[in-house]
Amino acid sequence: MVLRKSVRSISNWPIDGVIFRDLTTLMLDPQAFAASCDILFDRYESQNIDKIVGIDARGFVFGAVLAYKIGVGFIPVRKKGKLPGETLEESYNLEYGSDTLEIHKDAINEGERVVIVDDLIATGGTVGATVELVKKLGANIIECAFLIELPDLKGREKIKECEVFAIMEFEGE
């Protein structure tokens with residue numbers, strides 16, 4: 001697959017034993033970037049989506065394009081302290097410590113149909129926190145969409161209540 005070939009794999013980054021899947025090379029390639037955005041659009045264009053939720057930071061890139069192409073609003077979920085309005089927050093665990101995400105309280109109306117978009121699902125902590133935030137606002141999550149899934153890290157298990165779509169999978173190769 002041409003998309004898979006456009007993803008750069010970097011061994012032992014950010015720590016030894018990790019193979020980092022770098023999507024900046026996919027975004028740099030106009031054909032690969034367009035193809036990945038088109039795949040997402042084709043999947044969601046006829047599903048009566050009200051808003052797209054993008055996760056900080058690369059989820060903003062793909063989520064904003066999808067929102068634009070569908071013609072709906074885009075909602076950023078950001079790291080704590082980055083949103084200026086009244087927010088809800090959700091903390092999640094990292095390998096060494098924790099982090100917190102926020103969403104504006106007025107970003108979603110109860111019952112709206114949303115898709116959550118991020119570049120990659122690994123352990124599921126970030127998307128799990130995002131799912132909780134979106135649920136607190138009363139949205140119906142249609143699906144969580146990713147360009148890449150790392151199935152070895154079992155991120156889907158943190159969001160069992162949500163359907164998951166990933167364009168590509170990379171095993172621990």
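Laboratory data are not the source of any read-out in this text; all were calculated from the coordinates shown. These numbers come from a predicted model, not from an experiment. Note that we place each Cβ from the backbone using ideal geometry, even for glycine, and neighbour counts take in every protein chain shown.
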What do you get for Rg/Rh over the chain if you use C-alpha atoms and the Kirkwood form of Rh?
-> 0.95
Where in region 48-155 are there trypsin sites (Lys or Arg not before Pro) that are in a DSSP coil and have at most 15 other Cβ atoms within 10 angstrom of their Cβ?
-> Lys80, Lys82, Lys105, Lys154
Computed from the beta carbon distance with a Förster radius of 30 Å, FRET efficiency for Arg8 and Glu161 to the nearest 0.05 stands at 0.35
Can you give the net charge of the other residues whose Cβ lies under 11 Å from the Cβ of Leu3, counting K and R as +1 and D and E as -1?
-> 0
Charge sum, other residues only, whose C-beta stays under 13 Å from Val164's C-beta, Lys/Arg counted +1 and Asp/Glu -1 | -2
Quickly estimate the mean residue ellipticity at 222 nm for the chain, helices only: each DSSP H run with n ≥ 4 gives -39500 (n - 2.57), and the total goes over all residues, rounded to 500.
-> -8500 deg cm²/dmol
For each pair in Lys51/Lys105; Lys82/Lys154; Lys51/Lys136; Lys5/Lys79, compute the distance between the two Cα atoms and list the pairs where it is over 20 Å.
-> Lys82/Lys154; Lys5/Lys79
GNM, the chain, Cα, under 10 Å: largest mean-square fluctuation among Ile108, Ile15, Ile55?
-> Ile15
